[in-house]
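Data first, discussion second: the structure below is written as structure tokens.
Throughout, read-outs are computed from the coordinates displayed, never taken from laboratory work. Since this is a predicted model, take the numbers as computed values, not measurements. Virtual Cβ from ideal backbone geometry, glycine too; neighbours counted across all protein chains shown.
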Amino acid sequence: MKFIDPHIHPSSRTTDDYERMALSGCVAITEPAFWAGFDRDSARGFYDYFRQLTEYEPRRAGQYGIKHYTWICINPKEADDPQFAREVMAIFSEFLDKPNVLGIGEIGLNKNTKNELTILEEQIELAAQYNQMILVHTPHLEDKLKGTRLIMDALENNGKIDPQRVMIDHAEEHTVGEILDRGFWAGLTIYPNTKCTPQRAADILEIHGTERIWVNSAADWGPSDPLAVPKCGVELKRRGHSDELVTKVIFDNPQTFLSQNERFTL
Ligand SMILES: [Zn+2]
């Protein structure tokens with residue numbers, strides 16, 4: 001089953017995972033910049049991280065025939081200190097021209113604070129200035145619906161962002177409809193314990209259809225599953241869906257969205 005995992009954090013996983021993904025049919029991944037599990041002490045910590053994402057990981061993935069793409073940003077969790085966030089944003093321009101960078105992400109909100117929102121708006125403006133695609137992280141649990149709406153409002157209020165070039169990720173049953181109605185793409189994140197299971201993702205796809213939706217593992221340093229995307233494919237097949245539908249969800253849709261940046265090739 002050929003697939004793309006369009007949101008995963010392999011820099012926090014072992015090389016064995018690349019091998020298992022390749023054996024399962026993975027041909028490409030994209031790795032958004034995110035919170036490392038601890039707060040960095042200085043903007044230079046991000047400089048090193050962005051080098052890892054643009055220089056080291058593409059080589060590691062390439063050993064297994066997997067194409068590695070990435071997104072640059074300051075994540076919402078560390079964006080709560082605006083001065084610090086702006087120091088990090090000042091180094092973006094060095095990395096946005098790298099051949100595997102597809103845009104700004106994953107930006108968004110964590111606790112829906114005023115500071116997070118300020119930095120989100122500034123990063124959206126940066127994406128507009130540099131004509132970048134955007135990958136959005138939506139907050140979890142009780143903050144999700146409110147946070148998702150705040151983020152979509154900020155994107156629309158900017159006035160220069162094409163919603164077709166924005167992926168709103170970690171969507172769930174109560175947010176996916178509104179995301180699609182407002183013209184954005186929606187991402188379903190499949191996690192073993194929290195977030196969507198393969199079954200819940202399959203339910204959502206059956207209710208909302210397969211237009212402008214992708215599925216991903218968002219696998220990181222926590223309990224997560226780098227094979228979540230093909231497992232969702234297996235669940236769809238088990239329910240009797242066609243090979244074409246499965247391919248659309250786990251391969252064609254991410255390819256369509258990501259190919260809006262001409263750097264993305266397979
Ligand atoms: Zn992520």
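The table that follows gives values for the structure above.
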quantity: For region 169-175, 3J(HN,Hα) per residue [Karplus equation, 6.51 cos²θ - 1.76 cosθ + 1.60, θ = phi - 60°, Hz, x = Gly/Pro]; calculated: 9, 6, 6, 9, 3, 8, 10
quantity: Least to most buried among 72, 207 (fewest other Cβ within 10 Å first); calculated: 207, 72
quantity: Förster-model FRET efficiency, 35 Å R0, residue 252 and residue 200, C-beta, rounded to 0.05; calculated: 0.95
quantity: Nearest-0.05 FRET efficiency for residue 60 and residue 211, computed from C-beta distance (R0 45 Å); calculated: 0.85
quantity: Sequence-distant aspartates and glutamates (8 or more away, or on other chains) whose Cα lies within less than 13 Å of residue 2; calculated: 243, 244, 252
quantity: Full-extension gain in nm, residue 239 to residue 111, via 0.36 nm per residue minus C-alpha separation; calculated: 42.4 nm
quantity: Relative contact order of the chain, pairs being alpha-carbon contacts under 8 Å that are 6 or more residues apart, as %; calculated: 19
quantity: Long-range amide H partners of residue 215 with built H, under 5 Å; calculated: 188
quantity: Burial ordering of 138, 70, fewest other beta-carbon atoms within 10 Å first; calculated: 70, 138
quantity: Other-chain or far-sequence residues with amide H under 5 Å of residue 109's (modelled H); calculated: 137
quantity: In Hz, Karplus ³J(HN,Hα) per residue of region 46-56 (6.51, -1.76, 1.60; θ = phi - 60°; x = Gly, Pro); calculated: 6, 4, 5, 4, 5, 5, 4, 6, 9, 10, 7
quantity: Top of 128, 79, 33 by mean-square fluctuation, Gaussian network on the chain, Cα under 10 Å; calculated: 128
quantity: Length added when fully stretched, residue 181-residue 164, from 0.36 nm per residue minus Cα-Cα; calculated: 5.0 nm
quantity: Phi to ³J(HN,Hα) by Karplus 6.51 cos²θ - 1.76 cosθ + 1.60 over region 193-208, Hz, x for Gly, Pro; calculated: 10, 9, 6, 6, 8, x, 5, 5, 4, 5, 4, 4, 5, 5, 7, 9
quantity: Order of 93, 217, 24 under a 10 Å beta carbon neighbour criterion, fewest first; calculated: 93, 24, 217
